[in-house]
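The values are calculated or read from the model by the stated rules, or taken from the named source; none is laboratory data. The structure presented is a predicted model; accordingly, all values stated were derived computationally and were not measured. Note that each Cβ is placed from the backbone with ideal geometry, even for glycine, and that neighbours are counted across all protein chains shown.
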Amino acid sequence: MSLRGTYAYSVDMAQKMGLTNIEERNGKLHFKGTVATQADANKIWDAIKTIPTWSQDVVADIQARPGGEARTYTVKAGDSLSKIAKEVLGDASAYPKIFDANRDQLSDPDKIQPGQVLKIPA
């Protein structure tokens, strides 16, 4: 099995976080690039480290965008992602950005619940 196959979960996580420069060369799997937040970078590292031999298999340079730490928003009754996007981003049509930033807890942009804490992308 290729390293990309062995680290499929890590590759998938990296791509979800916006990291696309992932390649296998010289017997190592290389991850390189910048993601929105340090939390996103940490998620990728956590995924990589699920394989015990990661330190021999992986070369990674994963950076967080400066000032890219996501804000959060606690959903209130009557909220929708477009309403939240209008309020915090100034553009209701930007709701897919909020949805994408919260795919770890949302499967449908129309199904948010009061009390959920959503990440608001920079």
*Show the residue pairs that are 6+ apart or on different chains and have beta-carbon atoms under 8 Å apart, the first residue being within segment 110-122 and over 11 Å from Ile98 (Cα atoms), the second being among the basic types (Lys, Arg) and surrounded by fewer than 17 Cβ atoms within 10 Å (Cβ to Cβ).*
Pro114/Lys76
*State yes or no: is Leu89 in contact with a Leu (Cβ under 9 Å, 6 or more places away or on another chain), farther than 30 Å from Leu3 by Cβ and outside the structural domain of Val35 (by TED's automatic domain parsing)?*
no
*asked:* Being of a type in the set (S, T, N, Q) and modelled with pLDDT of 95 or more narrows it down to one residue among Thr50, Thr37, Thr72, Thr20; which is it?
replied: Thr50
*Which of the residues spanning segment 79-100 are under 19 Å from Lys16 (Cβ atoms) and acidic (Asp, Glu)?*
Asp100
*asked:* If Leu106 satisfies all but one of (1) within 22 Å of Gly18 (Cα to Cα); (2) loosely packed, with under 14 Cβ neighbours inside 10 Å, what's the number of the condition it fails?
replied: (2)
*Going through segment 1-57 one residue at a time, which ones are among the aromatic types (Phe, Trp, Tyr) and closer than 19 Å to Arg103 by Cα?*
Tyr9, Trp45
_Candidate set: segment 28-65, residues that are outside any loop (DSSP other than H, G, I, E, B) and among the β-branched types (Val, Ile, Thr); chosen: the one surrounded by the fewest Cβ atoms within 10 Å (Cβ to Cβ)_ = Val59
*Quickly run through segment 1-27 and pick out the residues that are small (Gly, Ala, Ser) and assigned to a helix (DSSP H, G or I).*
Gly5, Ala8, Ser10, Ala14
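Every residue, every condition in (1) among the polar types (S, T, N, Q); (2) more than 28 Å from Pro114 (Cα to Cα), yes or no:
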site: His30; (1), (2): no, yes
site: Thr37; (1), (2): yes, no
site: Ser55; (1), (2): yes, yes
site: Lys83; (1), (2): no, no
site: Lys86; (1), (2): no, no
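Rundown of residues vs (1) under 17 Å from Gln105 (Cα atoms); (2) polar (S, T, N, Q); (3) in contact (Cβ under 8 Å) with a residue 60 or more places away in the chain, yes/no style:
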| position | (1), (2), (3) |
| --- | --- |
| Gly33 | no, no, no |
| Asp40 | yes, no, no |
| Lys49 | no, no, no |
| Ser55 | no, yes, no |
| Arg65 | no, no, no |
| Tyr73 | yes, no, no |
| Lys76 | yes, no, no |
| Leu81 | yes, no, no |
| Lys86 | no, no, no |
